[in-house]
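The values are calculated or read from the model by the stated rules, or taken from the named source; none is laboratory data. No experiment lies behind these values; they were computed from the predicted model shown. Counting neighbours? That spans all protein chains shown, and the Cβs are built from the backbone with ideal geometry, glycine included. With ligands, DNA and RNA removed, areas are computed over all heavy atoms of the protein, side chains included. Shrake-Rupley method; radii C 1.70, N 1.55, O 1.52, S 1.80 Å.
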Amino acid sequence: PPYISLEEFQSLEPEVRLFEPRLATTDEGDGLRCIRRICEIALRKLRPAGSLLLEISYNQSQEVQRIVAQSGLLFSGVFDDYEGHQRIIAARHA
C-alpha cells in the first residue's frame, strides 16, 4: 500500500518522487491511512490462522504494530530489509 507520508514524499529523491506514481507511494497524509483500512477489513477477510504481510516505511513499525493490535489481528513478527530497517509487518487472524 502507499505508506509514505506526505512530508516524507516531498523529501524523496527526484528519481522516486518524479517518476513513481504518486498514488502508489503516498496517501497524502501520515502514510498510515491504507494500512489502517487494510487492517480494519483483514479480520473479516482472512481465514482463521490466515496471515497478512504489510510493507511499511522504515519508521512506522511501532505505530503499525499498534494499528494491528487495535484491529484485532495478532502481531506475529517484523522483518528487516538489507539495511536493517524494519520494513515488513506480519500479522495473523486468531
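Of the residues in region 73-82, none is out of contact with any Ser or Thr (no Cβ under 7 Å at 6 or more places or on another chain), modelled with pLDDT of 95 or more and among the β-branched types (Val, Ile, Thr).
Can you pull out every residue in region 59-73 that is open to solvent by 40 Å² or more (accessible area, probe 1.4 Å) and closer than 13 Å to residue 5 by Cβ? Across region 59-73, the qualifying residues are 59, 63.
For region 10-35, a residue qualifies if it is more than 27 Å from residue 68 (Cβ to Cβ) and either touching a Lys or Arg at 6+ places or on another chain (Cβ under 6 Å) or assigned to a helix (DSSP H, G or I) (or both), and the qualifying residues are 10, 14, 15, 17. Filtering region 9-32 to residues that are of a type in the set (Asp, Glu) and touching a Ser or Thr at 6+ places or on another chain (Cβ under 7 Å) leaves only 30. Checked against the criterion of being closer than 21 Å to residue 74 by Cα and free of Cβ contacts under 8 Å to residues at least 24 places away in the same chain, the candidates 36, 22, 17, 44 yield just one match: 44. For residues that are at positive phi and not charged (D, E, K, R), scanning just region 14-58, find the one that is surrounded by the fewest Cβ atoms within 10 Å (Cβ to Cβ). Here the residue is 49.
Residues of region 1-13 that are acidic (Asp, Glu) and open to solvent by 80 Å² or more (accessible area, probe 1.4 Å): 7, 13.
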